[in-house]
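One structure is given below, encoded as structure tokens.
FYI, it's all coordinate maths here, none of it is from the lab. Small disclaimer: the values here were computed from a predicted structure and weren't measured. All Cβ positions, even for glycine, are placed from backbone atoms using ideal geometry, and neighbour counts span all protein chains on display.
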């Protein structure tokens, strides 16, 4: 199963760039992973939040294939434990799903169109994380999921 | 109010070291913050998990002052939203608390003695994070809390 991560706005702080590379590299031992960063919109000063979300949404949707399962990382999504999340990955694999896209939105969240296309929503925490940090937390969790599925000693219950 | 962060094991990955520095520097604009890293125990190969937790616990307790409030970052702790956490910080400030210590444990969690000394437990997520990552996620959240209390535009609800 291919894992696609669609991330709004470029990772700009060097420590986050390095942390992402670190987990991407580890994940490549377990799955086919593609990380797509959608650059920040330009000239947003005169745009309201809704317009920004709509335009970002169009870019997100353009990266999603018709048969792909889409999971939004969203404050109001389902919270998993790490074990539950590893089971979630396994279940999708077992259903012979070819590709699953996890999407991290921009600072203002997702447009209605993106919500409509989404199959599921998951939340990493009740806390709000910076959108730079969310992506790293998510990749670490994905790595943890695969390490659990492969009985490796990374995760302690 | 002084914020003390007691962290078991050294931060070793360079991206996490840099991320911690980044938030520590930002936090110094808002509060007096002290980050104490407790180095990994040596020769743990022949120790069971309970012994490791007890020994780590003794080191943790040695860093805590008698009147300090102690909050453990613990899987089974209370989950806050970022807004609730900023209110929590404010409430403690308003009670003229001089110092609050947040403690991130080692890979196996806390000893009974540390649980006994703790005033509260908080959880960052239902997910398990690496203990390297927890500290960065926590510092970002602390920075977010102060930025909310100071009406700065970092946080979007």
Residues in segment A:1-14 that are more than 23 Å from residue A:109 (Cβ to Cβ), within 14 Å of another protein chain (Cβ to nearest Cβ) and part of a loop (DSSP other than H, G, I, E, B): how many? 0
Being part of a helix (DSSP H, G or I) and closer than 20 Å to residue A:129 by Cα is the filter here; which residues of segment A:61-82 pass it? A:82
Residue in segment A:36-52 that is touching a helix residue (DSSP H, G or I) at 6+ places or on another chain (Cβ under 9 Å), touching a residue at least 12 places away in the same chain (Cβ under 8 Å), exposed (fewer than 11 other Cβ atoms within 10 Å of the Cβ) and in a loop (DSSP other than H, G, I, E, B) present: yes
Among the residues of segment A:15-25, count how many are in contact with a helix residue (DSSP H, G or I) (Cβ under 7 Å, 6 or more places away or on another chain) and either surrounded by fewer than 17 Cβ atoms within 10 Å (Cβ to Cβ) or in a loop (DSSP other than H, G, I, E, B) (or both). 1
Where the second residue is outside any helix (DSSP H, G or I) and the first is within 14 Å of chain B (Cβ to nearest Cβ) and lies in segment A:78-95, which pairs have Cβ atoms under 6 Å and are six or more apart or on separate chains? A:78/A:122; A:79/A:123; A:79/B:126; A:81/B:126; A:82/B:127; A:82/B:128
Among the residues of segment B:103-145, write down those that are away from chain A (no Cβ under 14 Å) and within 24 Å of residue B:86 (Cβ to Cβ). B:103, B:104, B:118, B:119, B:120, B:121
Go through segment B:1-14 and give me each residue that's touching a residue at least 24 places away in the same chain (Cβ under 8 Å) and either loosely packed, with under 15 Cβ neighbours inside 10 Å or over 27 Å from residue B:92 (Cβ atoms) (or both). B:2, B:10, B:12, B:13
